[in-house]
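See structure below.
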Amino acid sequence: MVAGATGLVGQAVLAALLTAETRKAPPANATDAAGASIHVLHAKGRRAPALNHPRLQLHAVDFAAMPALPHVDDVYITLGTTMAAAGSQSAFRAVDYDAVMATARAARAAGATRCGVVTAIGANAQSRIFYNRVKGEVERDLQQLGFETLVIARPSLLMGERRALQQAHRPAESLSLKLFQWLNPVLPANYRARPGAEVARALVRAVQLGRPGLQVLSGRALQAS
């Protein structure tokens, strides 16, 4: 199951799950989900993912009143907004914490044992920075849900063509990306901008490997293909 499949990372996660390359030569203890249905959650009143594939089953849901879900094995959560787009701290939290946790709880209740989620570098439940604190609270509380495998991707700035995904233009982010093009070679690995597709492939691969417990991907670990 994928929640947030219209975003930069979410669309790449969906594409990776539909590509056999992500399931090539899995380890002996990994499960092969080839041919299984992929349930895609999107908010009611918002556009559905543009991908059309016989394995996809789309569900328009109200994340504030999450319905019971069909059985799922793995859940990928790439929901997220920005403070500028949300307009307030409460609106930001409704997406980046409430919707994420509602999805995770519903997936767990539907049988999911493996979860992959995208947060951000600097996530810390004790941070004085609101954005980092919300991301940290999500990481902390996801660990209490009992997933056998929990993979958290903590990228820095994400690179990719958002206009091609019909996403709103983000002037501040565009400016930051131009700056990162110059700084990336000298920045520590954890803080380098990464292509959204690269982050997605690393997340999918780690979830499908199914190592028990918590795994945090940052820096060079997000280069996995």
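Computed from the coordinates by the stated procedures, all read-outs in this text should not be read as laboratory data. Since we're looking at a predicted model, the values are computed, not measured. When we count neighbours, we look across all protein chains shown, and the Cβ atoms used for this are built from the backbone with ideal geometry, even at glycine.
With r defined as the distance between the Cβ atoms of Gln215 and Ala94 and R0 fixed at 22 Å, what FRET efficiency is calculated, to the nearest 0.05?
FRET efficiency, Gln215 to Ala94: 0.20.
Taking the Cα-to-Cβ direction at Ala50 and at Ser127 and moving 7 Å from each Cα, how far apart do the two end points lie in nm?
3.1 nm
For a quick check: sort Ser88, Ser37, Ser156 by the number of other beta carbons within 10 angstrom, fewest at the front.
With the sparsest Cβ surroundings first, the list reads Ser88, Ser37, Ser156.
Output wanted: per-residue J couplings in Hz (rounded whole) for region 71-77, from phi through Karplus 6.51 cos²θ - 1.76 cosθ + 1.60, θ = phi - 60°, x for Gly and Pro.
Per-residue couplings from phi come out as 4, 9, 9, 10, 10, 10, 10 Hz.
Between Arg140 and Ala85, what is 0.36 nm times their sequence separation minus the Cα-Cα distance? Round to one decimal in nm.
17.3 nm
List the residues whose amide H sits under 5 Å from the amide H of Val2, counting only those 5 or more places along or on another chain, with H placed 1.01 Å from N in the peptide plane.
Placed amide hydrogens put His39, Val40, Leu41, Tyr76 under 5 Å from Val2.
Amide H of Cys115 versus every other amide H placed in the peptide plane: which residues, excluding those fewer than 5 positions away on the same chain, fall under 5 Å?
Correct list: Val75, Thr149, Leu150, Val151.
Counting other C-beta atoms within 10 Å, and keeping those with at most 16, which DSSP coil trypsin sites (Lys or Arg not before Pro) do you find in region 92-151?
Arg128
With a Förster radius of 30 Å, plug the Cβ-Cβ distance of Arg105 and Gln223 into 1/(1 + (r/R0)^6) and report the FRET value to the nearest 0.05.
0.45
Ordered by residue, what ³J(HN,Hα) values in Hz, to whole numbers, does region 82-96 give under the Karplus form 6.51 cos²θ - 1.76 cosθ + 1.60, where θ = phi - 60° and Gly and Pro are x?
Karplus values, whole Hz, x for Gly and Pro: 10, 4, 5, 6, 6, x, 7, 5, 5, 5, 4, 5, 4, 8, 6.
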